[in-house]
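The structure under discussion appears below in the form of structure tokens.
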């Protein structure tokens, strides 16, 4: 009998669902998919190797974290955050100033607690302990970090003088406030003055307002003039502007304005300075951006507080009295339990994620967030962990606080004007074994070319999730290396996404920490194939057999691909190895093994349960592959020899269907294990199992 599996788009699934042959994904799944990933087209590919970028040293290296920084797909960087310092990777190497690596001090003690939000050439950073910081890039090797200053930075006028009539009927007091407006439209705090008991103003008897300022017209082109409804009301409304070009009798220059009893516009008032994060206990844990506002959430003193900057001015927390639509917002979310908001997401609306549930900020009928329209409602109760979610296509992928699940939120369009509803689904339901009992400590989305979400677990391994909503593909796969992976970040580079890792490796008798870059796939030119971990490449014009520069792998056993030929078992000594044969193009690194296990042989049309199966052969549809072995689970592996690929003696990568006779190991499942341990590409497009049963 034969049974064929034509794709693997369900990925690795748990033993708990391995008997569900009635489900439509059953014939697309694997019981094990290690160091390989699934593509949306259906094939399973061994993962690419990692290139050694550099070693990191210093205290508290277990808390080192990678953060992506992307201005565009050309100018993208990996920020390596240590305790109280930051290094930068650009174009696959650490930035240097002279002979030393660039290093920028910062105030954060534990990089793992940092919440960050990008905007252009800046990054907003918060951790609930420090004043929010602004990281700025002026050039590749010029970076700066400083506390965010939300105070109004435009100096107010020096003084104002009021000139008014001394005689007249119906005496009354008047009060005015004046602000300076800079050439970017930013407004200063007010300076005020009162007239006292004077004749009532009219179109004939105005008050002359003389505004003095030390600023030039180039810096402060105009002044805004406000008037109170009564002398002691202390609530002002706009009545007009004055240009900074009037010359007074004493030779000074400033603004000149005449109030002919104008009625104040109380919807426009002077700004009120506000900076809510000055004191310890008032530092936000989360940050983000939404509708041209910088958003902060949750402090120790106000765990459910939400703080939004002024609309259109992300460096201003100013407000007005009475309130204006563009004013900064400070609100407290009312809910049954008190949990800090760990993440702020902009996807079809402003979402706040806490350990208890997910809250959407509502904005009224016009869908514009203002102090008057601010509201909230809980949309789900999954509860988010502290791990930063990723946005993949139109979905938010987050890890649940309890239960170890990956949850996808998708926006569902309720009306033509608004994507108003969120629909959640548990992506890990059929692969729960990969996460159960563990925590996802960091996630990163590598959009191109394969749409993979990389998740670092607290046991130092990685699980990948190929997530292609459009083609209804979500497939888990697991990844291991000879080391402990603790951080991951991905950035765009030209037309692909490049992923970096921090890996702790035991080299000799010491733990060392490396930054490694996952290499782009090469499966055409065998000389350029790179399928080793923590590796380096050497490309010369003449063949050599001595390869040096490997001190980071001292005493380790490495695998070599030399001009397309595989050499295993070399041990690095003195930072070098000696090849068995001279070569021009050499790739050296730590080996890893790809392992696949097929699903149990089952059918919903005729029962095969309870019958032992003996697998006699497997037919492998391979694509650009070399080096495969297979066995019925528990049996002895048989290797597909190079001669079996046709073209006897050729080391080329082969594509086509190949048959491998295996020694059967009669059992009830009939599962097949496939292994690949060459530093070369491997791709399985389909698997046909030839078997007998009792």
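Here is a yes/no grid of residues against (1) under 30 Å from residue 669 (Cα atoms); (2) part of a helix (DSSP H, G or I); (3) touching a residue at least 40 places away in the same chain (Cβ under 8 Å); (4) touching a helix residue (DSSP H, G or I) at 6+ places or on another chain (Cβ under 9 Å):
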{"position": "566", "(1), (2), (3), (4)": "no, no, yes, no"}
{"position": "569", "(1), (2), (3), (4)": "no, no, no, no"}
{"position": "582", "(1), (2), (3), (4)": "no, no, no, no"}
{"position": "588", "(1), (2), (3), (4)": "no, no, yes, yes"}
{"position": "600", "(1), (2), (3), (4)": "yes, no, yes, no"}
(message) When you check residue 154 against the structure, is it farther than 20 Å from residue 234 by Cα and over 41 Å from the mean Cα position of the chain (by Cα), yes or no?
(response) no
(message) Regarding the range 231-254, can at least one residue be identified that is part of a loop (DSSP other than H, G, I, E, B), at pLDDT below 95, at positive phi and surrounded by fewer than 16 Cβ atoms within 10 Å (Cβ to Cβ)?
(response) yes
(request) Restricting attention to the range 59-109, report how many residues are under 25 Å from residue 283 (Cα atoms) and assigned to a loop (DSSP other than H, G, I, E, B). (result) 8
(request) Exactly one condition in (1) farther than 26 Å from residue 125 by Cα; (2) not in a strand (DSSP E or B) is not met by residue 280; state its number. (result) (1)
(message) Please pick out the residue among 191, 114 that is farther than 30 Å from residue 261 by Cα and surrounded by 19 or more Cβ atoms within 10 Å (Cβ to Cβ).
(response) 114
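The values are calculated or read from the model by the stated rules, or taken from the named source; none is laboratory data. Please read all numbers here as calculations on a predicted model, not as lab measurements. Cβ sites come from the backbone with ideal geometry, for glycine too, and all protein chains shown count toward neighbours.
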